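The values are calculated or read from the model by the stated rules, or taken from the named source; none is laboratory data. All values derive from a computational prediction rather than experimental measurement. Cβ sites come from the backbone with ideal geometry, for glycine too, and all protein chains shown count toward neighbours. We work out accessible area using only protein heavy atoms, side chains counted, and drop any ligands, DNA or RNA first. Shrake-Rupley method; radii C 1.70, N 1.55, O 1.52, S 1.80 Å.
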Amino acid sequence: MPTLQFNINGRAVQVQAEPHDLLVDVIRGPLALTGTHEGCDTGQCGACTVLVDGQSTRSCTMLAVQAAGHAITTVEGLAQDGKPHALQQAFMQCHGLQCGFCTPGMLMTAACLLRENRNPSEADIVDALEGNLCRCTGYVNIVASVQEAARLQQKGAS
């Protein structure tokens, strides 16, 4: 079984994985980072979204060996020094979550969007989140949460 090395949430890790192991399974299994959720197993729901080298990536469609040598950020890596990320604050404040199953993927996709566009329009947010499915809400509070996070970031919060 090969040993893979990558950086996850700012720390270097080594993990053994079979060549056919999916990144989501390594994240949730040996690395015990269970914030990344596994929903559809086909990359269509977005629950498993992580950032790989800063880009929004479905971890259920990426082999762990493909992540070797790359920087991966999971939802656990958003908070810094125990302080919630602006997105996490905004999702709580604006009620952008219901059951919470889709929330990690929504947060990671939105984090990628806000890094690329610090002041996204509602249409930009809807477009970015198009591949993230939520069965509990009408997306209104999710979009409002991303808008609030952009506002918080502009004010200097995380």
Of residues in the stretch 80-124 being among the hydrophobic types (A, V, I, L, M, F, W, C) and open to solvent by 50 Å² or more (accessible area, probe 1.4 Å), the one farthest from the chain's Cα centre (by Cα): Ala123
Single residue of Gly54, Gly46, Gly35 found to be touching a Pro at 6+ places or on another chain (Cβ under 7 Å), in contact (Cβ under 8 Å) with a residue 24 or more places away in the chain and small (Gly, Ala, Ser): Gly35
Subset of the stretch 10-25 (residues that are out of contact with any strand residue (DSSP E or B) (no Cβ under 6 Å at 6 or more places or on another chain) and surrounded by 12 or more Cβ atoms within 10 Å (Cβ to Cβ)): Val13, Glu18, Asp21, Leu22, Leu23, Val24, Asp25
Sole residue being among the hydroxyl-bearing types (Ser, Thr, Tyr), in contact with a Gly (Cβ under 7 Å, 6 or more places away or on another chain), within 24 Å of Leu129 (Cα to Cα) and open to solvent by 10 Å² or more (accessible area, probe 1.4 Å), chosen from Thr57, Thr61, Thr49: Thr61
Residue check, Arg58 among the basic types (Lys, Arg) and more than 22 Å from Ala110 (Cβ to Cβ): no
